[in-house]
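Before any comments, here is the structure.
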Amino acid sequence: MAYSSIVQDTLIQTIWKKEMLDIAEPLLVLDKWAVTDGVPMKGGDTFRFNRVLRALKQTAKKTTPGTLLKADSGSLKQLQSNKLDFNVETWEDGFYFTEYEEMVSLLNDKQQQAAISDQFARTHEYQLMKRICEQGLWWRIDKDPLLQVFGTVDSATSTDVVDDALTQVNGHWDGARIGIYNPSGMGYDQCVPVTAFTAADDTLKAAFTNTPTTASKYLLSSKNGLAAGNKMTTVGLLDAAGVHEHMRTPKFNGNTLRAVMSAAQHRDLHDDTEWKAYVQYDRSGVVKNYEPLRWFDIEALVADEVYRSDINGTENQDAGAVHSCPVFGAGTYGVARYGHGSGLFNVNFNFIDKPDFYDTTGARKVITWKSNWTGGVLRATGVVVLNTGATGLGFDTFN
């Protein structure tokens, strides 16, 4: 018994959706390394991630052996489970085809499947990359002491951080990022934007989910002044690896960290003096077995584009002077999905191949995708964002 055309079209569309996901999911690299245990809040438009942070070390010795530790003792510690909330966002797009293209032939066209899958995957990968690069711990490739400093909070509110040691002029830290890096300080493991700096009262306008205290130590880093000449270097990778060792960042299987750098940053790395000297003159087994994208326990992927911004922190994928290379460990960022779609981003595909109110003659066929998801950095100390310039290759970004 032959299937009706409606049933046949439905079966083909079902198969097409699965094939699309099979093509797209291998392209969604960053998503595979994300924590996915967010809990929906407020009717589903917000997802909450609870973070169990590093505990304080004991600094006081036992002065009276045999004394019981009472339940109400101030020496007892709680594991900090600080929450972070992320708002769900909707992402969607669509493609149209003329009335002369058969839907059955269209759905069986592997090249068109691949093109739509690639566009869907790149859209989501870039948005996740953007969150990682904006919320991780910023690190300048040049470590300019005038634009990257360490300090201790003197006082703070839910919107302001004050440190009397910050003596720069008004606006000096506008667009920078401040991150709390010590477990004993509230606000620990979060990095947030500085929207304004007021010199008169040494105040950074910066809102942490958990308000810092005088025990909170911070790293403050700006992108100001970075230019093409501030290239990716071996020393920069050494710094990132050193920060992760200091922070005891959990690593992925194989004792590795992950990184994503642009083709321009990769080109500059191979032109770095220290890199050349090591590769050309060191005859150790490390060089003999050298793999270009693994260095200092960092496995890097080279992407056709990474997150780029202007020196004031404004996103600028076409001409931003600053290229961000995130170097991160396991369990450092999360992704949550909302809805009942399929695949890694709960994507829904829709097909319109009949006349409707807007296309009364059926002159176009439309395939659309839509997904609802959210995500962000859970442990800022586990994401070191190397901010560099790069040698221009002459290309605009791949949009």
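The values are calculated or read from the model by the stated rules, or taken from the named source; none is laboratory data. Computed from a prediction, not measured in an experiment: that's the story for all the values here. Here the Cβ is made from the backbone with ideal geometry for all residues, glycine too, and neighbour counts use every protein chain on show.
Numbers for the structure displayed
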{"read-out": "Matching entry among Ala176, Ala206 (being over 20 Å from His323 (Cα atoms) and among the hydrophobic types (A, V, I, L, M, F, W, C))", "value": "Ala206"}
{"read-out": "Test: residue in the stretch 352-372 that is assigned to a loop (DSSP other than H, G, I, E, B), surrounded by 16 or more Cβ atoms within 10 Å (Cβ to Cβ) and at pLDDT 85 or above", "value": "no"}
{"read-out": "Ile311 being of a type outside the set (Phe, Trp, Tyr) and out of contact with any Phe, Trp or Tyr (no Cβ under 7 Å at 6 or more places or on another chain)", "value": "yes"}
{"read-out": "Only listed residue being free of Cβ contacts under 8 Å to residues at least 60 places away in the same chain and surrounded by 13 or more Cβ atoms within 10 Å (Cβ to Cβ), chosen from Gln112, Gln135, Gln148", "value": "Gln112"}
{"read-out": "Every residue from the stretch 144-165 that is under 23 Å from Val384 (Cα atoms) and not β-branched (Val, Ile, Thr)", "value": "Asp144, Pro145, Leu146, Leu147, Gln148, Phe150, Gly151"}
{"read-out": "Flag if Gln168 is under 18 Å from the mean Cα position of the chain (by Cα) and either buried (at least 21 other Cβ atoms within 10 Å of the Cβ) or of a type outside the set (Val, Ile, Thr) (or both)", "value": "no"}
{"read-out": "Positions within the stretch 151-165 being out of contact with any strand residue (DSSP E or B) (no Cβ under 6 Å at 6 or more places or on another chain) and surrounded by fewer than 20 Cβ atoms within 10 Å (Cβ to Cβ), in sequence order", "value": "Thr157, Ser158, Thr159, Asp164"}
{"read-out": "Unique match (being surrounded by 15 or more Cβ atoms within 10 Å (Cβ to Cβ), in contact with a strand residue (DSSP E or B) (Cβ under 8 Å, 6 or more places away or on another chain) and assigned to a loop (DSSP other than H, G, I, E, B)) among Phe208, Phe197", "value": "Phe208"}
{"read-out": "Test: residue in the stretch 337-347 that is modelled with pLDDT of 75 or more, closer than 30 Å to Asn255 by Cα, part of a strand (DSSP E or B) and assigned by TED's automatic domain parsing to the domain that holds Ala34", "value": "yes"}
